[in-house]
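Here's the structure we're looking at; comments come further down.
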Amino acid sequence: MRQEDTREIWVWGALERLRDDVRFGLRMLRKTWLWTVIVSLTLAMGVGLSTAIFSVVYGVLLQPLPYPHQEKLVAVGLTAAKREYSRFHINAALWLYWRANTKLLESLALTRPVANFNLTGEGSPERLQGARISYNVPSVLRVRPLIGRTFTEEEQQSDARVAVLSYAFWKRRFGSDPGIVGRKIRLNGEPFEVIGIMPPEYQYPSREFELWTPLYIPPDEIIHGMNNQYLCVGRLKTGVSLEQAQAEFSGMMQRLAKQYPLSYGSGNQRLDAVVEPLAQSDTHQVRSTLFILLAAVGCLLLIGCMNLAGLLIARATARAHEIAVRIALGASRARLRRQLLVEVMPLSAAGIAGGLLLAWWMLQILVPYLPADTPRAAFIGLHSPVVMFAISVSIAVVLIGGLLPGHIAASHDPQHALQQSSRSATGGGRTRNLLVVGQIAVTLVLLLVGSMFARSFSALVQVKPGFSTEGVLTMQLAVTRAKYNQDEQVADYYRRIVDRVQSIRGVIAAGIVNRLPFTGLMQTGGVEFEGRAGNYDSDWRSATPGYFNAMGIPLKQGRLLQAYDRPRSPSVGLIDEHLARKVFGSENPIGKRFRRYLPGMAQQDPWTEIVGVVGHILNDNLEQDPRPQVYWPETQRTQDRGGLVVRIAGADPEVYAKAVVEQIRKEDPDQPVYDIRTMRQWVGRTLERRTLMTAMITLFAAASLLLACIGLYGVVSYTTTLRVREFGIRLALGATAGTVYALVLRQARNFAVIGCILGLALSWPITRALKSVLFGVTNGDIVSWLVAPALLILVALLSCLAPAGRAARTGPAAVLKAE
């Protein structure tokens, strides 16, 4: 016989055996349908939750950017780890220096992301999120316009009034009309010619940006250390690694720090460049949260795998007599292992289907509750890599869970098994018990971490921000400078708006500030005090007189800003109590003077007299308090952007939104109003990431607790069945039902206690690694370390009450008669 024929016969024989194994396995699953349902649900829960979290991680962190050769794209920014600033933007002078001196990047482009526009003219007025970009941004990203063109270097240098629209904005506002190219639209009161439409994949800096205009940089803004408001993106040359680029830019920053020590620091306080992949540049704030969730769901998946293995061991042990007969009839142990594994492989199909369905349902709930600043949230979904992940996880869990029971069953002594009924066979008992202990240990880790995060969240929501969050409505405005080109006109316009809003019945107070707290918008810089050494990093604010009453910020000393603080009046301002205490101690600060700290600039601000001290507020979030605040009157330091604050008396502030907008439109029909929220909603937005993390870890802990209890229930119930003869004899010899009841619960207690001890040992290094993300509690929080094991032991005992009750009701006469 030819070798090819022999190989073909062997292949067909193997396929026939596999077909027979699958058919037999399906018959066994149908016979044990209840067991099959329990295992399938267990598997689907683990696969579904892990797939949902992986889809978020993939969409935010792993999905490639839609640009050619995106692996070469890098974001270049600044970092000051010693000053607790992990990332911040660069200034125009840095970009010009880097661009002239880099040898490892093909090109370097600049973007000013805070360049929003008021769209007026056709249709209702609208506030658009736009950006001013250097002419080479599209070429760096390797993206060509869908229609028309992008602007040139000459148009950038001349500050030409041209605009390029995003695909989404073109479709939404202009109905995908190609005729818009070449027409003019009014942005900030001026005509801009639309010269191009970008394709859908062009979403830089993010998908929220709707148009781009040329980035004109006035010469007086090209100052080292000033106006750090730009994003920088570049493309590596072929063969250049990220590490090489990082070394080059760090070297350039060292040279600049020597030349401009006031701008870039020195020693441990020196600023450094950070070069990172563009795909990761906007994810550093959410990366730790997603990795924690991925680790938590990994623990849940491990528990599910151990649970599945325990259930399979129990099932294989119950079939010990059948397996012994098969061995006695000549079946090889390898064939038995394969048979038991093939029997459970159809479960992976149920795990894949149920897991994907659960993951889809979870994403429908989860994605809308992701933090508002989550990058690339629109790309989260069940993409092909996510589906492959679900398939791989389901098959891997079934394989891992099925190999161990098959090995135990096949290695069992057939002669010993034939001498016993399957009911009394106890093969695999030690392994099964270890799996239960392992489940309890990993569950305790999740419970303990979940408890710490819950207590952190509870401590966080108790933090007082320094202003009132109840009954306060806010909305954002931006003045069109083409209409109000003088600072006095802007300040007067704000005054008229505030007067109109205060005329609404039910409004207690109203005011405007250039940057509202907790909105993510910052304007910071140093201030120096006359006769005092050093400067102090602070939030710079311009406000109208009614702002402090509207926000509920208390006056501590002196007076508030008043209507008579006019542009030609002496320069006055307020500082907060933290800054007053830091600079003046117990000395009265009223009458002292300060000004903005502008290093390296010949022209300095005039001195500002301190006329009042107000309460300190938190500006960024409830977790950090990095800076104090200084305030100038809006009339003396006018800002184009304004946050309107309205305090309402005894009603839901959102009800007043329409009336407030109507008063603004009566003053100026072309004034866009956006980001209409209550102050409570702004504060809630800063809690979204911690809320999500706490809720998800709590969910995983609850799911793991359920799985661990199922595993413990299965083991205790099975061993109770095996000990029914022992219980019958004990009862016949005079033992009470309570004694038998206690014996079963004692077994459950032992499992739980041993598992908790192991879990506590595992938890210590894990909680130490998480201490940087905890707030208000430490990794040694005594409440969590006591409550988590106590809860686990209690629930474990409750889950075993049913097997203990069955054991206590054992009839000794029936058992002995059966013997």
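The values are calculated or read from the model by the stated rules, or taken from the named source; none is laboratory data. Computed from a prediction, not measured in an experiment: that's the story for all the values here. Heads up, the Cβs are rebuilt from the backbone with ideal geometry, glycines too, and the neighbour counts pull from every protein chain shown. Ligands, DNA and RNA are excluded from the accessible area calculation, which covers all protein heavy atoms including side chains. Shrake-Rupley method; radii C 1.70, N 1.55, O 1.52, S 1.80 Å.
Taking segment 219-236 as the range and being touching a His at 6+ places or on another chain (Cβ under 8 Å) and either farther than 21 Å from Thr111 by Cα or assigned to a loop (DSSP other than H, G, I, E, B) (or both) as the test, the residues that pass are Asn228, Gln229.
Applying the set (1) under 30 Å from Val461 (Cβ atoms); (2) in contact (Cβ under 8 Å) with a residue 24 or more places away in the chain; (3) not aromatic (Phe, Trp, Tyr) to Ala790 leaves exactly one unmet item: (2).
Test Val683 against the stated conditions and say whether it is crowded, with 19+ Cβ neighbours inside 10 Å, among the aliphatic types (A, V, I, L, M) and closer than 30 Å to Arg568 by Cα.
On the way: crowded, with 19+ Cβ neighbours inside 10 Å: yes; among the aliphatic types (A, V, I, L, M): yes; closer than 30 Å to Arg568 by Cα: no.
No.
Cβ separations smaller than 7 Å between residues 6+ apart or across chains give the following pairs from segment 57-80 residues that are over 23 Å from Gln246 (Cβ atoms) to residues that are open to solvent by 30 Å² or more (accessible area, probe 1.4 Å) and assigned to a helix (DSSP H, G or I): Val57/Leu294; Tyr58/Pro385; Gly59/Phe379; Gln63/Phe379.
Yes or no: Arg637 of a type outside the set (Ser, Thr, Tyr), touching a residue at least 24 places away in the same chain (Cβ under 8 Å) and closer than 30 Å to Arg481 by Cα? Yes; evaluated as a whole, the condition is true for this residue.
Considering Tyr204, Tyr135, which residue is open to solvent by 40 Å² or more (accessible area, probe 1.4 Å) and closer than 30 Å to Leu96 by Cβ? Walk me through it before giving the result.
Numbers: Tyr204 fails: open to solvent by 40 Å² or more (accessible area, probe 1.4 Å).
Every option except Tyr135 fails the conditions.
Does segment 492-517 hold any residues that are in contact (Cβ under 8 Å) with a residue 24 or more places away in the chain, open to solvent by 30 Å² or more (accessible area, probe 1.4 Å) and part of a loop (DSSP other than H, G, I, E, B), and which are they? Scanning segment 492-517 gives Ser503, Arg515.
Based on what the data block shows, is Gln663 at pLDDT 90 or above, open to solvent by 40 Å² or more (accessible area, probe 1.4 Å) and either out of contact with any Leu (no Cβ under 9 Å at 6 or more places or on another chain) or under 26 Å from Gly759 (Cβ atoms) (or both)? Reasoning before the result, please.
On the way: at pLDDT 90 or above: yes; open to solvent by 40 Å² or more (accessible area, probe 1.4 Å): no; either out of contact with any Leu (no Cβ under 9 Å at 6 or more places or on another chain) or under 26 Å from Gly759 (Cβ atoms) (or both): yes.
Here the answer is no, as Gln663 does not meet what is asked.
Could you look through segment 539-569, keep only residues that are assigned to a strand (DSSP E or B) and charged (D, E, K, R), and pick out the one that is farthest from Thr678 (Cα to Cα)?
Taking the candidates together, the pick is Lys556.
Among the residues of segment 766-776, those identified as over 30 Å from Leu798 (Cα atoms) and either in a loop (DSSP other than H, G, I, E, B) or open to solvent by 40 Å² or more (accessible area, probe 1.4 Å) (or both) are Arg768, Ala769, Leu770, Lys771, Ser772, Leu774, Phe775, Gly776. Which members of segment 623-638 meet the condition of being under 39 Å from the mean Cα position of the chain (by Cα), surrounded by 18 or more Cβ atoms within 10 Å (Cβ to Cβ) and assigned to a loop (DSSP other than H, G, I, E, B)? If the condition is that a residue be under 39 Å from the mean Cα position of the chain (by Cα), surrounded by 18 or more Cβ atoms within 10 Å (Cβ to Cβ) and assigned to a loop (DSSP other than H, G, I, E, B), then Arg627, Pro628, Glu634, Arg637, Thr638 are the ones that fit. Scanning segment 570-588 for residues that are open to solvent by less than 40 Å² (accessible area, probe 1.4 Å) and closer than 17 Å to Ala543 by Cα yields a total of 6. Only one entry in Gly525, Gly520 is out of contact with any helix residue (DSSP H, G or I) (no Cβ under 6 Å at 6 or more places or on another chain), farther than 20 Å from Arg680 by Cβ and touching a residue at least 24 places away in the same chain (Cβ under 8 Å), namely Gly525. Looking across segment 237-270, the residues that are aliphatic (A, V, I, L, M) and either open to solvent by less than 10 Å² (accessible area, probe 1.4 Å) or part of a helix (DSSP H, G or I) (or both) come down to Leu242, Ala245, Ala247, Met252, Met253, Leu256, Ala257, Leu262.
Being part of a strand (DSSP E or B) and open to solvent by less than 30 Å² (accessible area, probe 1.4 Å) is the filter here; which residues of segment 642-657 pass it? Lay out the reasoning, then the answer.
To start, the set of residues in segment 642-657 that are part of a strand (DSSP E or B) comprises 642-648.
The answer is Gly642, Gly643, Leu644, Val645, Val646, Ile648.
Can you pull out the residues in segment 523-569 that are among the polar types (S, T, N, Q) and surrounded by 21 or more Cβ atoms within 10 Å (Cβ to Cβ)? Residues satisfying the conditions are Ser538, Ser542, Thr544. Among what's in segment 271-287 and is closer than 19 Å to Lys103 by Cα and either assigned to a loop (DSSP other than H, G, I, E, B) or among the charged types (D, E, K, R) (or both), pick the residue that is nearest to the chain's Cα centre (by Cα). Among those that are closer than 19 Å to Lys103 by Cα and either assigned to a loop (DSSP other than H, G, I, E, B) or among the charged types (D, E, K, R) (or both), it is Glu276. Of all residues in segment 39-77, those satisfying the criterion of being buried (at least 16 other Cβ atoms within 10 Å of the Cβ), at pLDDT 90 or above and closer than 26 Å to Trp95 by Cα are Tyr67, Lys72, Leu73, Val74, Ala75, Val76, Gly77. Among the residues making up segment 713-744, a single one is within 22 Å of Pro789 (Cα to Cα) and surrounded by fewer than 18 Cβ atoms within 10 Å (Cβ to Cβ): Ala742. If the condition is being without any contact (Cβ under 8 Å) to a residue 60 or more places away in the chain and touching a Gly at 6+ places or on another chain (Cβ under 9 Å), then segment 192-222 contributes Glu193, Val194, Ile195, Gly196, Ile197.
How many of the residues in segment 341-388 are farther than 18 Å from Met45 by Cβ, modelled with pLDDT of 85 or more and not in a helix (DSSP H, G or I)? Here the count works out to 3. Scanning segment 590-622 for residues that are buried (at least 21 other Cβ atoms within 10 Å of the Cβ), over 41 Å from the mean Cα position of the chain (by Cα) and in a loop (DSSP other than H, G, I, E, B) yields a total of 0.
Quick one: which helices (runs of 4 or more DSSP H) lie wholly within segment 66-164 and hold at least 2 residues that are closer than 28 Å to Leu521 by Cβ? Please lay out each step first, then the result.
Numbers: elements: 92-101, 137-141, 153-157.
Ranges flagged: 92-101, 137-141.
Kindly provide the set of residues from segment 202-224 that are of a type in the set (D, E, K, R) and at pLDDT 90 or above, ordered by number. Correct list: Glu210 only.
Output the residues belonging to segment 167-184 that are in contact with a helix residue (DSSP H, G or I) (Cβ under 9 Å, 6 or more places away or on another chain) and either in a strand (DSSP E or B) or surrounded by 21 or more Cβ atoms within 10 Å (Cβ to Cβ) (or both). The one that is in contact with a helix residue (DSSP H, G or I) (Cβ under 9 Å, 6 or more places away or on another chain) and either in a strand (DSSP E or B) or surrounded by 21 or more Cβ atoms within 10 Å (Cβ to Cβ) (or both): Trp170. Among all residues of segment 671-692, there is none that is out of contact with any Lys or Arg (no Cβ under 7 Å at 6 or more places or on another chain) and over 22 Å from Thr519 (Cα atoms). Taking the criterion of being modelled with pLDDT under 85, surrounded by fewer than 17 Cβ atoms within 10 Å (Cβ to Cβ) and of a type outside the set (D, E, K, R), the residues of segment 781-811 that qualify are Ala802, Gly805, Gly811.
Those residues that are among the basic types (Lys, Arg) and either part of a helix (DSSP H, G or I) or free of Cβ contacts under 8 Å to residues at least 40 places away in the same chain (or both), I need them from segment 428-483; list them, please.
Hits for segment 428-483 are Arg430, Arg432, Arg455, Lys464.
The single condition among (1) at pLDDT 95 or above; (2) over 27 Å from Gly123 (Cα atoms) that Leu644 does not satisfy is (2).
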